[in-house]
1. Say whether the condition of being over 27 Å from R222 (Cα atoms) and in a strand (DSSP E or B) is met by at least one residue in the range 37-48.
2. Search the range 57-75 for residues that are surrounded by 13 or more Cβ atoms within 10 Å (Cβ to Cβ) and pair each with any residue that is modelled with pLDDT of 95 or more and small (G, A, S) when their beta-carbon atoms are under 7 Å apart and the residues are at least 6 apart or on different chains.
3. Does the range 95-111 hold any residues that are in a loop (DSSP other than H, G, I, E, B) and more than 24 Å from P286 (Cβ to Cβ), and which are they?
4. Please specify each residue of the range 180-197 satisfying the condition of being under 16 Å from P168 (Cβ atoms), part of a strand (DSSP E or B) and not polar (S, T, N, Q).
5. When only residues in the range 174-183 that are among the aliphatic types (A, V, I, L, M) and surrounded by fewer than 21 Cβ atoms within 10 Å (Cβ to Cβ) count, which is farthest from K159 (Cα to Cα)?
6. With respect to the numbered conditions (1) at pLDDT 95 or above; (2) surrounded by fewer than 19 Cβ atoms within 10 Å (Cβ to Cβ); (3) on the phi > 0 side of the Ramachandran plot, which one is the sole condition not fulfilled by E384?
7. For the range 215-223, indicate whether the set of residues that are closer than 21 Å to A270 by Cα and outside any loop (DSSP other than H, G, I, E, B) is non-empty.
8. Quick one: which of D255, D239 is surrounded by 13 or more Cβ atoms within 10 Å (Cβ to Cβ), among the acidic types (D, E) and farther than 28 Å from W197 by Cβ?
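The values are calculated or read from the model by the stated rules, or taken from the named source; none is laboratory data. Everything numeric here is computed off the predicted structure, so don't read it as measured data. Cβ placement follows ideal geometry from the backbone for every residue including glycine, while neighbour counts extend to all protein chains displayed.
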Amino acid sequence: MNRLQIPMWSLGLWLIFLQTLPGRAQLQTFNAAQFIEENYGKQEQLIPMRDGMRLFTSIYTPKDQSQKRPFMFNRTPYSVAPYGKEQFKTPLGPSGQFAREKFIFVYQDVRGCWRSEGEFVNMRPQLTGKPGKKQIDESTDTYDTIAWLLKNIPNHNGKVGMWGISYPGFYTAAGLVNAHPALVAASPQAPIADWFWDDFFHHGAFFLPHAFNFFSNFGHPRPQPTTEARPRFEHGTPDGYDFFLNKIGPLKNADAKYFKGDVAFWNEMAAHPNYDAFWQARSLPPHLKNIKPAVMTVGGWFDAEDLYGPLKIYRAIEESSPGASNVLVMGPWQHGGWARTDGSSLGNVFFGNSPAPSDFCQAFIEFPFFNYHLKGQGAADLPEAYMFETGTNTWRKFDKWPPRNLEPQRLYFNTNGALTFTPPMSSVEAFDEFLSDPENPVPFTEATAIGMTVEYMTDDQRFAARRPDVIEYQTEPLAQDLTLAGSMMAHLKVSVTGTDADWVVKLIDVYPDHHPEFPHNPGNVKMGGYQQMVRSEVLRGRFRNSYEKPEPFTPNQITDVHLTLLDVLHTFKRGHRVMVQVQSTWFPLVDRNPQKYVDNIFQAEASDFLKAAHRIYASPEQSSYVQVNVLR
């Protein structure tokens, strides 16, 4: 493994990159829109699929026909706009460098969306086995489109690359299944892998504002192809805490008060609160077998929407297709931040800007990957895992992920608030207790926001620590740097007076009291004592033993709760502290658990929501801890 100290890159290499990157770096000297109009022609096609439906596709072809070009292909449910042969998309490709290097760019409305024919199905289930002549899924639509392009678009070199962020990342990953032989390189970026884990349910806990806001505007019936966007939902207030607590109340009110039967997928989710066949059919990783194209999966450590997807898609390909070219890239980004921001900061936390993480990724990782596999230019010298280490703010190369040289250790909870690498010493039944009130849930952010903020995953957690229903444990100041890598597992010994409960665990980097301010400092924030969230996760307690068959808690009975926290690569620097916070509400990010077991929380009545006392045990006999992996 290698650690790249980014500021040590040669000035000459960095200047070369700036000269090739339109957009941020060359905004004043390079007009991307003008360049595209002058150098590309556009055509719009309805491409037939095997079942007779036609998918609307925009194709941008270089006017320079002196050499054969590869295709760069993007499939989306969010529109290929602008529509019209004289209207040009800017930029073309994953970053500005692609248009200047001349590829054939293909953008497609997936079936049932915008100007494409057919029926749209959210996370359309994959076919199993060999598809019949007229059976379709997202993989067959990808295959049929590539076959049409090869036959009907002149001056290509026979190679296709795919990329996409978020939902388009899912379509890119789906295109890997039974891939067309011409598809030689694909980059699923922030891909959805399974909506029970990615966006809307985390270990069974429902991410309320994200789901409500998304489906209030997306995926509605569309009888005919259209270019008209649906009007956005108006909440009538910027205060999401108030809106979801008081204006909606129990989840059953959302459809009755606001959706009125018009949001089909909301009601499908409400009918399937458990991980049943409905969700299992929409899980992509089990289908990622015998993968032939080269794959580069990209994700953000602080992606509030799809952190699960890139990690699981990479891992699924690694396990089922060990011979595949399979690269994982993780940086310090929000959702899609490598394409939409420079990645130098998120909220109050700074990650460096020489070069900024997104610029580095675009110039030295993303473009070289496609340029090598599609044009045969450059060298395929990317590591298995190209990972940004937060805390030290450096890029690191690993030959596998999780990396080698990991030492499992336990961070034990102590009832005096200490977090230690050794078990608690007390021989009596020791525990921390708090009262969890669904009518006064712990907020997930200090900000006034109607939705899930992109910064919440790096926010200062001191506001939560001041709540009596949040228990915190922290180490002494570290005598040396501590680097954690890979996934973590919280092992909790708990009891509740109710019959259901959620459990939220947050891993936090506590800065020293005299930590200097960061250079970007958007809100003039004092960073001394800042409690930066590094990773967090929630488990709906009914699913502690099975996601398919939930079960209630037995009141006052000590119970094991195991909660997986997704991967990190973070260094807690010398003088910092490691903190863990535990709580049972996280609102409105996660909907309220009534704390009285009901078969379906989407149908819970207001009278079902009860206060309950929760205990976290911390004795040698009943110890709670977080299992971490220390990188040596």
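1. yes
2. What qualifies is T61/G41; P70/G161; F71/G161; M72/G93; M72/G161; F73/G161; N74/G164; R75/G164.
3. Passing the criteria: S95, K102, F103.
4. Of everything in the range 180-197, those that are under 16 Å from P168 (Cβ atoms), part of a strand (DSSP E or B) and not polar (S, T, N, Q) turn out to be L183, A185, A186, P188.
5. V177
6. That leaves (3) as the condition not met.
7. Checked against the condition, which is being closer than 21 Å to A270 by Cα and outside any loop (DSSP other than H, G, I, E, B), the range 215-223 yields at least one hit.
8. Exactly one residue qualifies, and that residue is D239.
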